[in-house]
1. For region A:24-33, does any single residue satisfy the condition of being under 18 Å from A:Leu161 (Cα atoms) and away from every other protein chain (no Cβ under 11 Å)?
2. Can you find a residue that is farther than 20 Å from B:Met27 by Cα and within 10 Å of chain B (Cβ to nearest Cβ) anywhere in region A:100-123?
3. Report whether or not B:Leu24 is among the aliphatic types (A, V, I, L, M), in contact with a Leu (Cβ under 9 Å, 6 or more places away or on another chain) and either outside the structural domain of B:Ile89 (by TED's automatic domain parsing) or under 22 Å from A:Val180 (Cα atoms) (or both).
4. Within the group A:Ile119, A:Ile129, A:Ile98, A:Ile123, which residue is β-branched (Val, Ile, Thr) and modelled with pLDDT of 95 or more?
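The values are calculated or read from the model by the stated rules, or taken from the named source; none is laboratory data. Every value quoted in this text rests on a predicted model; they were computed, and no experiment measured them. A quick note on method: Cβ atoms are made from the backbone with ideal geometry, for glycine too, and the neighbour counts reach across all protein chains shown.
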Amino acid sequence: MSSIAEHTVEHIHRDDVGSRLGMWLFLFTELVLFGGMFLVYAVYRFTYPHEFHVAAKELNTSVGALNTIILLTSSLTIVLSIIAIRKNNKFLSVFFQIFTMVLAFGFLINKYFEWNIKIHHGIFPGSEILLAKGNGEILFFGLYYVMTGLHALHVGIGMLLIEVMTGLTIKGRINSTNYVRLEAAGLYWHLVDIIWIFLFPLFYLIT
Amino acid sequence: MSGEHLEITVEHKPTYGFYILIWLVLMMLTGVTVAVAGINFGNITIATALTIAIIKSYLVLTFFMHLKTETATFKIFVGVALLFLLISIALLFSDYSFL
């Protein structure tokens, strides 16, 4: 009897559907944040089609494609970690979460080298080489740094979030009957993935 | 296929294989979008790239983000959010595409 009572008490304090809905509401604010930037991109791309085309040639498609593969795979591993915890396989869930973080870190390292090369070539906001170019190219690289930069910041935050979840999973506070926090972290991670799905073709593939 | 379809609609029976399949499709679409970008279709190049991106996002939203197994409330919420984004895009282009 007492176990049923405990279960009931625990149930009163939990609303998994409400938690997930709350996470989705937060994701909508992220949608507006990035959506607004995509609108700015659309306007300037429309105004300077040729210069955007020329500027995009400077970007390395292979690096962009590699980062797409990394993020899509990390989206898969975070989903698999949720399935693992639902099946009560704590070890596998932690393994997939760590794997996700390693992939996220790989993405950031890639981004670091990509930006580094650009900066070495003298292409960064306010540089003389960039300012000597046309307005369209200046705008393209401005948007490139702001949008991929903000996205990379999200990747970093997502990584920290998953790290917290890994800690909670190891402690057993995320388990096969209570895994909504891991689901919420997963939702955030997938949103980061979706944003990259649009950033990749718009910046790297319009050459 | 129908067996796998059944698996994901039953909430308590998640499978690894199904999600790996979705991931493979996403990888394939990435390959297609990179390959197609090399060919110059003129104006429809951007349309092709965006169409593939929308298909990929749909797969992520529906399966990875579990919208398929969520209640109607979730689907309506996401639908309304996307509708407002679409309205902003439409209003913006009513200003800019006829310059």
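1. So far as region A:24-33 goes, yes, one or more of its residues are under 18 Å from A:Leu161 (Cα atoms) and away from every other protein chain (no Cβ under 11 Å).
2. no
3. Considered against the rule, which asks whether it is among the aliphatic types (A, V, I, L, M), in contact with a Leu (Cβ under 9 Å, 6 or more places away or on another chain) and either outside the structural domain of B:Ile89 (by TED's automatic domain parsing) or under 22 Å from A:Val180 (Cα atoms) (or both), B:Leu24 comes out as no.
4. Every option except A:Ile98 fails the conditions.
One line per residue, one yes/no per condition, for (1) out of contact with any Pro (no Cβ under 9 Å at 6 or more places or on another chain); (2) in a loop (DSSP other than H, G, I, E, B); (3) touching a residue at least 40 places away in the same chain (Cβ under 8 Å); (4) surrounded by fewer than 20 Cβ atoms within 10 Å (Cβ to Cβ):
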{"residue": "A:Gly126", "(1), (2), (3), (4)": "yes, yes, no, yes"}
{"residue": "A:Gly142", "(1), (2), (3), (4)": "no, no, no, yes"}
{"residue": "A:Val146", "(1), (2), (3), (4)": "no, no, yes, yes"}
{"residue": "A:Ile157", "(1), (2), (3), (4)": "yes, no, no, yes"}
{"residue": "A:Ile162", "(1), (2), (3), (4)": "yes, no, yes, no"}
{"residue": "A:Ala184", "(1), (2), (3), (4)": "yes, no, yes, no"}
{"residue": "A:Ile197", "(1), (2), (3), (4)": "yes, no, yes, no"}
